[in-house]
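Enquirer: Below is the structure I would like to discuss, written out as structure tokens.
The values are calculated or read from the model by the stated rules, or taken from the named source; none is laboratory data. Computed from a predicted structure; not experimentally measured. All Cβ positions, even for glycine, are placed from backbone atoms using ideal geometry, and neighbour counts span all protein chains on display.
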Amino acid sequence: MHTKPNHGLLYAIACILLWSFIPVVSRFGQANLDNFQFLFWSNSLSLLVVGFFWFIQKSSKPPQTFTIKQFLYILFLGFLGCTFYYLCLYFGYANGIGLEVLVIQYCWPLIMIVLSAILLRERLSFISCAAVAAGFFGILMVLTKGSISELKLANLNVALIVLLGAFSFALFSVLSKKFKGEPYTITTLLFVGGLITSTFSLFIFSKFAWPTHDELIPVIINGAFINGISYIFWLKALEKIKASTAATLVFLAPVLSSIWIVLFFQEPFYLSYAIGLSLVIISGYISVKNQ
């Protein structure tokens, strides 16, 4: 007897596998490009890919209209989730220790729990509070390598920027809950907002530059697949499986990412990294399941 495959799970796993390569492609893609330039090319390619899928499917559904206020709101969400978050994240992977950045990056679900209580008036249970506390303790374990004396100002500056990016993505996720719409259209408009704001940031804080020959493949992979097609996979997954199931699967990403970082960059793996990573993953899992 043959069982029907769960295509939703397959889509979710494919998406998470792509997301797990963010530390690798962002490091290789920024050999000469800075984080502003890298993000500009990434958002440009992502918009092309997502926009292509939106154009294909829109013929089968009536077009969705938005008010000016709604349109500006989506563009602002695009700035939070497609520009500011990735600027901080790419800066972290280019200038910090990959495994440290990885742990701080995935504290955004924990911050999301706190922001949901503040902005959406969602009840913050004891279990949620304990999970948040455990997650931030895990981050401290990674930053200090198990010893407060190991916390250096240079590493702290990078960590704070990545933490600010995680806060931005958590805020993006919470504010997105207030807005409902056709997912392909919303995703395309998010990348429109991301491209507009990343273009402004490029010319204000950096300058236009073409990827070098060695950076071209990482830029294409990141823009077209990791930040482009992955969104399509995620939408398909959410159509077929519960959001809570999909969200808990996200915590496979940092586990895979830590493997890629060690394999590609031979970074030392301290016991405190394993403890910290485990605390962040477990606390995030508990937080999501407790929603």
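Enquirer: When residues of the range 278-291 are filtered for being part of a loop (DSSP other than H, G, I, E, B) and either at pLDDT 80 or above or β-branched (Val, Ile, Thr) (or both), how many remain?
Expert: Going through the range 278-291, the residues part of a loop (DSSP other than H, G, I, E, B) turn out to be 290-291.
In the following step, the residues that additionally are either at pLDDT 80 or above or β-branched (Val, Ile, Thr) (or both) were identified as none.
Number of matching residues: 0.
Enquirer: Okay, moving on. Looking only at the range 203-218, decide whether some residue is of a type in the set (Lys, Arg) and either touching a Lys or Arg at 6+ places or on another chain (Cβ under 9 Å) or over 21 Å from Ile16 (Cα atoms) (or both). Outline the logic, then answer.
Expert: Just the residues of the range 203-218 that are of a type in the set (Lys, Arg), to begin with: 207.
If we keep only those that are either touching a Lys or Arg at 6+ places or on another chain (Cβ under 9 Å) or over 21 Å from Ile16 (Cα atoms) (or both) too, we end up with 207.
Yes: the range 203-218 contains one or more residues that are of a type in the set (Lys, Arg) and either touching a Lys or Arg at 6+ places or on another chain (Cβ under 9 Å) or over 21 Å from Ile16 (Cα atoms) (or both).
Enquirer: Given the conditions (1) surrounded by fewer than 21 Cβ atoms within 10 Å (Cβ to Cβ); (2) in contact with a helix residue (DSSP H, G or I) (Cβ under 6 Å, 6 or more places away or on another chain), and given that Thr67 satisfies all but one, which numbered condition is not satisfied?
Expert: Thr67 satisfies every listed condition except (2).
Enquirer: Right, something else. Mind listing whichever residues of the range 44-99 are in contact with a Leu (Cβ under 8 Å, 6 or more places away or on another chain), at pLDDT below 90 and of a type in the set (Val, Ile, Thr)?
Expert: Correct list: Ile74 only.
Enquirer: List the helices (runs of 4 or more DSSP H) inside the range 207-277, counting only whole elements, that have at least 1 residues being without any contact (Cβ under 8 Å) to a residue 24 or more places away in the chain and more than 21 Å from the chain's Cα centre (by Cα).
Expert: Working: elements: 213-220, 230-240, 243-249, 253-265.
Counting at least 1 such residues, we get 213-220, 253-265.
Enquirer: Further question: If you check Ile113 against the conditions, is it out of contact with any strand residue (DSSP E or B) (no Cβ under 6 Å at 6 or more places or on another chain), crowded, with 24+ Cβ neighbours inside 10 Å and part of a helix (DSSP H, G or I)? Break it down stepwise before answering.
Expert: Values: out of contact with any strand residue (DSSP E or B) (no Cβ under 6 Å at 6 or more places or on another chain): yes; crowded, with 24+ Cβ neighbours inside 10 Å: yes; part of a helix (DSSP H, G or I): yes.
It is true that Ile113 is out of contact with any strand residue (DSSP E or B) (no Cβ under 6 Å at 6 or more places or on another chain), crowded, with 24+ Cβ neighbours inside 10 Å and part of a helix (DSSP H, G or I).
Enquirer: Give me the pairs, please: first residue somewhere in the range 105-130 and modelled with pLDDT under 80, second residue anywhere and charged (D, E, K, R), beta-carbon distance under 7 Å, and either six or more positions apart or on two chains.
Expert: Ser116/Glu122; Leu120/Lys177
Residue-by-condition table, conditions (1) more than 16 Å from Ala159 (Cα to Cα); (2) in contact with a Cys (Cβ under 7 Å, 6 or more places away or on another chain); (3) aliphatic (A, V, I, L, M):
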residue	(1), (2), (3)
Phe21	yes, no, no
Leu33	yes, no, yes
Ser42	yes, no, no
Leu47	yes, no, yes
Phe66	yes, no, no
Gly78	yes, no, no
Tyr106	no, no, no
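Enquirer: May I pose another question? Given the conditions (1) among the polar types (S, T, N, Q); (2) outside any helix (DSSP H, G or I); (3) within 30 Å of Phe203 (Cα to Cα), and given that Thr65 satisfies all but one, which numbered condition is not satisfied?
Expert: Just one mismatch for Thr65, condition (3).
Enquirer: Which one of these does Tyr90 not meet: (1) over 30 Å from Ala131 (Cβ atoms); (2) part of a helix (DSSP H, G or I); (3) hydroxyl-bearing (Ser, Thr, Tyr)?
Expert: Condition (1) is where Tyr90 drops out.
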